[in-house]
1. Using a ≥ b ≥ c from the Cα gyration tensor of region 100-151 (square roots of the eigenvalues), is it rounded, prolate or oblate, where a/c under 1.5 gives rounded and otherwise the larger of a/b and b/c decides, a/b for prolate?
2. If each of Ala56 and Glu90 carries a label point 7 Å out from its Cα toward its Cβ, how far apart are those two points in nm?
3. With θ set to phi - 60°, apply the Karplus curve 6.51 cos²θ - 1.76 cosθ + 1.60 along region 117-126 and write out the HN-Hα couplings as whole Hz, x wherever there is a Gly or Pro.
Amino acid sequence: MGDANDYVLTAEDVRNQVFTTVRLREGYDLAEVDVFLGMVETSLTRLHREYERLKARCDLGGIPAPTWPGAAEVIASAQRQAEAIVAEAEARARDVELELRERLRRAAEILAITEQEHARDLENRRQQADRRRADIQDHLSWINEFVAGRP
């Protein structure tokens, strides 16, 4: 039957439960009965909590549920429609999330390419600046030599 903490008993489980009879006296093995009653208690507690949770979730804010003929069908239909809307919204949200993740991935690729291009451009400009600096230093040296060589 599984672990009593994880399993919710069904009416069929209770109906089909068989206890071992004891040989020296009439009746059932009390330990076996106690374990089964513990499972029944756990199941009933879990079901009661779930019932209360669902009841609170379906609370109409103090407005009594309609009792007119067909009200249950209308409510069930509305519930199905609401579930379909929620499912559609969740599916759309997943689609939007996937699309956003793809856009983010593409943006990251573009950013990486742009950073690489800027790094290359910056390196080219540094090299140009270094060449110009060297040219200027060469010119200054020539000018200094020229000036120094004049009487």
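1. On the way: a/c = 13.77, a/b = 10.40, b/c = 1.32.
Prolate, since a/c reaches 1.5 and a/b exceeds b/c.
2. 2.1 nm
3. Computed from phi, the couplings for region 117-126 are 4, 5, 5, 5, 4, 4, 5, 4, 5, 5 Hz.
Values quoted throughout were computed directly from the atomic coordinates according to the rules given, and no laboratory measurement underlies them. Quantities reported herein were computed from a predicted structural model and do not represent experimental measurements. When we count neighbours, we look across all protein chains shown, and the Cβ atoms used for this are built from the backbone with ideal geometry, even at glycine.
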